[in-house]
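The values are calculated or read from the model by the stated rules, or taken from the named source; none is laboratory data. Here the structure is a predicted model, which is why all the values come from computation and not from measurement. Glycine gets a Cβ as well: all are built from the backbone with ideal geometry, and neighbour counts include every protein chain shown.
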Amino acid sequence: MKRSEQQIQATVMQHLWRRSSPNTFAFHVPNGGWRSPIEAKILKGQGVVSGTPDIFIVSNGKPYALEIKTETGRISPVQRTAHVLLEDAGVEVATAYGLDQAIAQIEEWGVVRGRAA
């Protein structure tokens, strides 16, 4: 089944909300989507950073960032730059291509309990 990035992301967030390990907090950064030039300027002035990964997770003091892509999606140059800067700051960053990879990644990080069926 082909899923959009938004559908994959919503499903990953459902797993995080229902299966989170203790001391885990996860959220989405709503950077995507079309913005008018004025709104984009306002958001940039408020601290929005282009290329920021879709989902941030903090678990037992350790930060993680997950970029969601479809199976055929690609990372943009600005996303690559943001990911490197986050890694330099001590954040573990991963890109997941499709739902299966995304669920496997959060399980590998140990931020959810159990394994998906």
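General remarks:
- Selected residue (only one of Gly51, Gly61, Gly47, Gly73 is small (Gly, Ala, Ser) and in contact with a Lys or Arg (Cβ under 9 Å, 6 or more places away or on another chain)): Gly51
- Considering the range 98-117, and only residues there that are among the hydrophobic types (A, V, I, L, M, F, W, C) and in contact with a strand residue (DSSP E or B) (Cβ under 7 Å, 6 or more places away or on another chain), the residue that is surrounded by the most Cβ atoms within 10 Å (Cβ to Cβ) turns out to be Ile106.
- Restricting attention to the range 63-84 and to residues that are surrounded by 13 or more Cβ atoms within 10 Å (Cβ to Cβ), among the hydrophobic types (A, V, I, L, M, F, W, C) and in contact (Cβ under 8 Å) with a residue 24 or more places away in the chain, the residue that is farthest from Tyr97 (Cα to Cα) turns out to be Ala82.
- Thr95 vs. criteria farther than 18 Å from Gln14 by Cβ, surrounded by fewer than 17 Cβ atoms within 10 Å (Cβ to Cβ) and not acidic (Asp, Glu): no
- Among the residues making up the range 65-88, those that are over 18 Å from Val29 (Cα atoms) and not polar (S, T, N, Q) are Glu71, Gly73, Arg74, Pro77, Asp88.
- So Gly47, is it over 15 Å from the mean Cα position of the chain (by Cα) and either outside any strand (DSSP E or B) or surrounded by fewer than 16 Cβ atoms within 10 Å (Cβ to Cβ) (or both): yes
- The condition (being exposed (fewer than 13 other Cβ atoms within 10 Å of the Cβ), over 15 Å from the mean Cα position of the chain (by Cα) and outside any loop (DSSP other than H, G, I, E, B)) is satisfied by just one residue among Glu87, Glu39: Glu39.
- Across the range 35-52, the qualifying residues are those that are touching a helix residue (DSSP H, G or I) at 6+ places or on another chain (Cβ under 7 Å) and under 19 Å from Leu85 (Cβ atoms), and the one among them that is modelled with the highest pLDDT is Thr52.
- Residues that are farther than 20 Å from Val48 by Cα and either buried (at least 17 other Cβ atoms within 10 Å of the Cβ) or over 11 Å from the mean Cα position of the chain (by Cα) (or both) were ranked within the range 1-12; the one that is modelled with the lowest pLDDT is Met1.
- Condition met for Pro22 (at pLDDT 85 or above, part of a loop (DSSP other than H, G, I, E, B) and closer than 30 Å to Gly61 by Cα): yes
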